[in-house]
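This report refers to the structure that appears directly beneath it.
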Amino acid sequence: MNVPVLILDSVTRLPPEADGAVVVGGSHAAIYAAYLSAKAGTRAAIHHDAGIGRDEAGVGGLAYADALGMAMVALAAASCRIGDGQDQAERGIVSRANAHAAACGVAAGMSCKETVERLKRAPWPHRSPPPKAESRHIVEGIVCIDSASLVLPEDRGRIVATGSHGARNAGTTTAPMRPRLIFFNDAGPGMDRGGVLGLDILESEGLAGVAVAAASARIGDGRSTLQDGTISAINATAYRLGARIGGTALALARTLAEKAE
């Protein structure tokens, strides 16, 4: 079967070619990422399990995809870097598969390469998902967004809590917006500490970046990052602002917000 395969670092802006393709996407496998893959008409989606984390949010999209009739798989954080589709395609090992993927013969422990071949037989087309918008909230003066792709130019100089992983592409996406401090989920941090490599990108731009432990906050949920997150990684600029590993995101954000008043 001549089914196209796309390998991408993120599913936030899938191209038209994703329609009917098997997509290996560097994004986490939480619900919103599953929605984006389904909306694009993807035949089957292979995402990253982001360390699975609090409330199993890192793989929450698998059941969501199942309900739409779409096969979806998550790759183990210990096997490949999040935010790096090529690394996932080459080294990824399946940690979870939904029922539609399992029906294609996909199982935990299988390589991403073999999984891709099996998912070419996945049922398609599937049902389109109902409209779903990522939320943007202001909590105690702090911007909370579910994806780093939602950081806006007007967030310059503000404290921002995202639900995204902190991989390299998260750093390159948010650095141009120049937030005063930005929080991510560490997504494990997984192979090669892939879930926090974006903090180095921010540091090179003189920007403060912090990641919270996946076990403490739900990935894909900016408010959970802020309100539940325990700090697991920081860059030097964040350290100078008072960030410390083991502290809470909320306490740090409140302290900096008070100083800004």
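Bear in mind that the values in this text are calculations on the coordinates, not laboratory data. Treat the numbers as computed from the prediction; the structure is a model and nothing was measured. Glycine gets a Cβ as well: all are built from the backbone with ideal geometry, and neighbour counts include every protein chain shown.
All but one of (1) of a type in the set (Gly, Ala, Ser); (2) in contact with a Lys or Arg (Cβ under 8 Å, 6 or more places away or on another chain); (3) in contact (Cβ under 8 Å) with a residue 24 or more places away in the chain; (4) farther than 22 Å from residue 47 by Cβ hold for residue 215; state the number of the condition that does not hold.
Among (1) of a type in the set (Gly, Ala, Ser); (2) in contact with a Lys or Arg (Cβ under 8 Å, 6 or more places away or on another chain); (3) in contact (Cβ under 8 Å) with a residue 24 or more places away in the chain; (4) farther than 22 Å from residue 47 by Cβ, the lone unmet condition for residue 215 is (4).
For segment 229-261, which residues satisfy the criterion of being crowded, with 20+ Cβ neighbours inside 10 Å and either touching a Phe, Trp or Tyr at 6+ places or on another chain (Cβ under 6 Å) or basic (Lys, Arg) (or both)?
Scanning segment 229-261 gives a single hit, 249.
Does segment 94-103 hold any residues that are touching a residue at least 12 places away in the same chain (Cβ under 8 Å) and surrounded by fewer than 19 Cβ atoms within 10 Å (Cβ to Cβ), and which are they? Step through it out loud before you land on a result.
Quick first cut of segment 94-103, residues touching a residue at least 12 places away in the same chain (Cβ under 8 Å) only: 94-101, 103.
The answer is 99, 103.
Could you look through segment 19-30, keep only residues that are closer than 14 Å to residue 116 by Cβ and in contact with a helix residue (DSSP H, G or I) (Cβ under 8 Å, 6 or more places away or on another chain), and pick out the one that is surrounded by the most Cβ atoms within 10 Å (Cβ to Cβ)?
24
Looking at the structure I just gave you, is residue 234 in contact (Cβ under 8 Å) with a residue 12 or more places away in the chain and under 20 Å from residue 177 (Cβ atoms)? Steps first, please.
Details: in contact (Cβ under 8 Å) with a residue 12 or more places away in the chain: yes; under 20 Å from residue 177 (Cβ atoms): yes.
Spelling it out, residue 234 is indeed in contact (Cβ under 8 Å) with a residue 12 or more places away in the chain and under 20 Å from residue 177 (Cβ atoms).
Where in segment 22-125 are there helices (runs of 4 or more DSSP H), lying fully within it, with 3 or more residues that are small (Gly, Ala, Ser) and under 30 Å from residue 199 (Cα atoms)?
Values: elements: 31-39, 61-68, 85-91, 99-102, 112-119.
Helices (runs of 4 or more DSSP H) meeting the threshold: 31-39.
Here is a yes/no grid of residues against (1) within 12 Å of the chain's Cα centre (by Cα); (2) closer than 18 Å to residue 185 by Cβ:
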position	(1), (2)
3	no, no
11	yes, yes
15	no, no
22	no, no
34	yes, yes
56	no, yes
64	no, no
87	no, no
90	no, no
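Criterion first (under 20 Å from the mean Cα position of the chain (by Cα) and free of Cβ contacts under 8 Å to residues at least 60 places away in the same chain) does residue 182 satisfy it?
Numbers: under 20 Å from the mean Cα position of the chain (by Cα): yes; free of Cβ contacts under 8 Å to residues at least 60 places away in the same chain: yes.
When the stated conditions are applied, residue 182 passes them.
Considering only residues of segment 52-93 that are on the phi > 0 side of the Ramachandran plot and in contact (Cβ under 8 Å) with a residue 24 or more places away in the chain, which is surrounded by the most Cβ atoms within 10 Å (Cβ to Cβ)?
Kept after step one, since they are on the phi > 0 side of the Ramachandran plot, are these residues of segment 52-93: 52-53, 55-56, 69, 83.
Retained after the next criterion (residues that are in contact (Cβ under 8 Å) with a residue 24 or more places away in the chain): 52-53, 55, 69, 83.
Numbers: 52: 23, 53: 28, 55: 13, 69: 15, 83: 30.
Among them, the one singled out is 83.
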